[in-house]
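The values are calculated or read from the model by the stated rules, or taken from the named source; none is laboratory data. Computed from a prediction, not measured in an experiment: that's the story for all the values here. Cβ coordinates were reconstructed from backbone atoms using ideal geometry, including for glycine residues, and neighbour counts include every protein chain displayed.
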Amino acid sequence: MESNDYIDKLLREELRIVNKHLPYKRISLEELLKEDIPHIVLRDGSVHLFKKEELTLLSNIIPKEKWSELKLPIIIEANLSLGEHIYVVREPIAAYAIAKILEKEDYRIPLIIYGKELPIIRKKLRTTTTIVFLP
């Protein structure tokens, strides 16, 4: 095995470990609102519970006809190639929700989030957002 292949393998394994908090399958806002105990199963086998208050907040932001499009948790990418403390939301309906939380009327997709904005999002949407780490 060449040195670069070995390093790539190590990096892939490290990313797998650091991202074990990601779900096997994301569920729509519409489905989660119907559940008595809204939850998903994570890759490490644990159960992640969504706060109903956060689901309600999102249902007030997103038009009802779009509830089925918003998959939760919302994925926020931490991509070091973009720079430190820069995050990305790629899905249009998720970007719309995050832009509303941040009170941004003018935004683009993918939505760029800066380090100082992340705590605002996580304070309001702690259980309905997750951060994925990319190389």
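Let's see how each residue does on (1) closer than 19 Å to ASN19 by Cβ; (2) modelled with pLDDT of 95 or more; (3) touching a helix residue (DSSP H, G or I) at 6+ places or on another chain (Cβ under 7 Å):
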position	(1), (2), (3)
ASP44	yes, no, no
LEU57	no, yes, yes
LYS64	no, yes, no
ALA78	yes, no, no
GLU103	no, yes, no
ARG108	no, yes, no
TYR114	no, yes, no
LYS123	no, yes, no
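Need a quick list: helices (runs of 4 or more DSSP H) entirely within the range 1-76 having at least 2 residues that are closer than 22 Å to ILE109 by Cβ.
By residue number, 29-34, 52-61.
This table checks each residue for (1) touching a residue at least 40 places away in the same chain (Cβ under 8 Å); (2) in contact with a Lys or Arg (Cβ under 9 Å, 6 or more places away or on another chain); (3) under 18 Å from ILE131 (Cβ atoms).
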{"position": "ASN4", "(1), (2), (3)": "no, no, no"}
{"position": "ILE7", "(1), (2), (3)": "no, no, no"}
{"position": "LEU15", "(1), (2), (3)": "yes, no, yes"}
{"position": "HIS21", "(1), (2), (3)": "yes, yes, yes"}
{"position": "TYR24", "(1), (2), (3)": "no, yes, yes"}
{"position": "GLU31", "(1), (2), (3)": "no, no, no"}
{"position": "LYS34", "(1), (2), (3)": "no, no, no"}
{"position": "ILE40", "(1), (2), (3)": "no, yes, yes"}
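Would you mind stating whether ALA95 is in contact with a strand residue (DSSP E or B) (Cβ under 7 Å, 6 or more places away or on another chain), modelled with pLDDT under 95 and among the aliphatic types (A, V, I, L, M)?
Judged against the criteria, ALA95 is not a match.
Do we find a residue being out of contact with any strand residue (DSSP E or B) (no Cβ under 6 Å at 6 or more places or on another chain), exposed (fewer than 10 other Cβ atoms within 10 Å of the Cβ) and at pLDDT 90 or above anywhere in the range 13-33?
There is at least one residue in the range 13-33 that is out of contact with any strand residue (DSSP E or B) (no Cβ under 6 Å at 6 or more places or on another chain), exposed (fewer than 10 other Cβ atoms within 10 Å of the Cβ) and at pLDDT 90 or above.
Go through the range 42-61 and count every residue that is touching a residue at least 60 places away in the same chain (Cβ under 8 Å), of a type outside the set (Lys, Arg) and closer than 24 Å to ALA99 by Cα.
Total meeting the criteria: 6.
Take the residues in the range 111-135 that are surrounded by 14 or more Cβ atoms within 10 Å (Cβ to Cβ) and farther than 16 Å from HIS85 by Cα, then tell me which one is farthest from the chain's Cα centre (by Cα).
LYS124
Every residue in the range 38-70 that is touching a Pro at 6+ places or on another chain (Cβ under 9 Å) and aliphatic (A, V, I, L, M), please.
Those that are touching a Pro at 6+ places or on another chain (Cβ under 9 Å) and aliphatic (A, V, I, L, M): ILE40, VAL41, LEU42, LEU49, LEU55.
Which members of the range 93-135 meet the condition of being of a type in the set (A, V, I, L, M, F, W, C), assigned to a helix (DSSP H, G or I) and under 15 Å from ILE62 (Cα atoms)?
ILE93, ALA94, ALA95, ALA97, ILE98, ALA99, ILE101
With respect to the numbered conditions (1) crowded, with 16+ Cβ neighbours inside 10 Å; (2) basic (Lys, Arg); (3) more than 25 Å from LEU15 (Cα to Cα), which one is the sole condition not fulfilled by LYS104?
The one condition LYS104 does not meet is (1).
Just checking, does the range 14-29 include any residue being farther than 19 Å from ILE75 by Cβ and among the hydrophobic types (A, V, I, L, M, F, W, C)?
Looking through the range 14-29, none of the residues is farther than 19 Å from ILE75 by Cβ and among the hydrophobic types (A, V, I, L, M, F, W, C).
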